[in-house]
1. Which of the helices in the chain, when you take each full DSSP H run, stretch at least 24 Å along the axis at their Cα atoms and have an average Kyte-Doolittle score of -1.0 or higher?
2. Please tell me the relative contact order of the chain in percent, rounded to the nearest whole number, where contacts are Cα pairs under 8 Å and at least six residues apart.
3. Note down the relative contact order for segment 38-150 as a percent, whole number, built from C-alpha pairs under 8 angstrom at least six residues apart.
4. Between TRP27 and ALA154, what is the label-point separation in nm under the 7 Å Cα-to-beta-carbon projection?
5. So if each residue of separation counts as 0.36 nm, and I subtract the Cα-Cα distance between ILE18 and TRP106, what length gain in nm does that give?
6. For Rg and Dmax of the Cα atoms in Å, the listed values are [x] 18.9, 57; [y] 24.6, 74; [z] 19.8, 66; which was obtained by calculation from the structure presented?
Amino acid sequence: MQPTHLRLQIACLLLISIVLLVAGVLWGSIGLNLLAGDFNKTILFDIRLPRSLGAYFAGALLGLAGGIAQSLFRNPLADPYLLGSASGALLGVGIMLCLATLNLPWVGALGLNGGAFIGALLGVLAALILAGGYRNSMRLLLSGVVISVILGAANSLFTFVRPDLYQSIQAFMLGNTTLLSWSAVTSMAITLLACLGGAVIFAPTLDALALGENTARTLGLPLDQLRLVLIGILALATGSAVAQTGLIAFIGLAAPHLVRTLSQGKQRSQLLLSAIAGGILLLASDLLARTLFAPIEIPVGIVTAILGGGYLLMLLGRNRLGMRP
């Protein structure tokens, strides 16, 4: 891809992002008069702006993680949750909810977001331990599935023992952007910059892996160590997004597919465009979630599941997922 074409594509996507951010601030479940005084200023700058920015950054983190996962495992159906991060985050939330009744100081300081983040990272670590390391991608992928099943069973046990926690856990599973604050926006922005920078630096490893692992090793790259770094970036990006917004489906799976033809096989371009596309998808879905049945808001995860699932079904119908029959 020519650099000029890439810059033009990025500029177009960023323009769409800006338009959606402005719409996210001005467009809500209730009307808005910009000249009505401090109340509307509070809605604009303390509620809608951090919510819109937070949704965009969370989507960008999931889009980036999805792009890394699909390239790293050379599987077009890989998503950010495949290594047990989703089940781990959900288990962390369940544990925090159970411990909240004990009034422990560290539980209050850590909060549900902290519990979800730690749970997501521990889920990935458990998958790595079960796989015996990170050298065998297929074994690691299968280990992630096993860990997800085990932690999912633990989550079911939580809701069986404590049925009063079911509603809170269900809300986390469906995704939520309504409570995003400026601190959450700042945290995700910093994480996104760090993960995006690392992904861009190590993108040549993914280019090499696209040629096949044996071919990549002949290029002299320390594939095992670089694969571990990329898994760490994937886990950090996923954990940061999940901790703030809950489990939002299909963003990390669909975003890389939307921009794959634009990147023309260049992993650095693919990852950058996947992040921007993920932000656009989640912010657009959040706008739909808050306005479709206004003033009632529906969980954003329902919107992303319907839109993302429909899009992937269309791709499967056209056999464009890169899967061989």
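1. 3-26, 49-72, 105-130, 137-161, 182-201, 223-245, 267-291, 300-318
2. In percent, rounded to a whole number, it is 31.
3. Relative contact order here is 27 percent.
4. 4.1
5. On the way: separation 88, 0.36 × 88 = 31.68 nm, distance 3.86 nm.
Full extension of this stretch gives 27.8 nm more.
6. For Rg and Dmax of the Cα atoms in Å, the calculated option is [z].
Read-outs: derived from the displayed coordinates by stated rules, not from any lab. No experiment lies behind these values; they were computed from the predicted model shown. Every residue, glycine among them, receives a Cβ derived from its backbone with ideal geometry; neighbour counts consider all protein chains shown.
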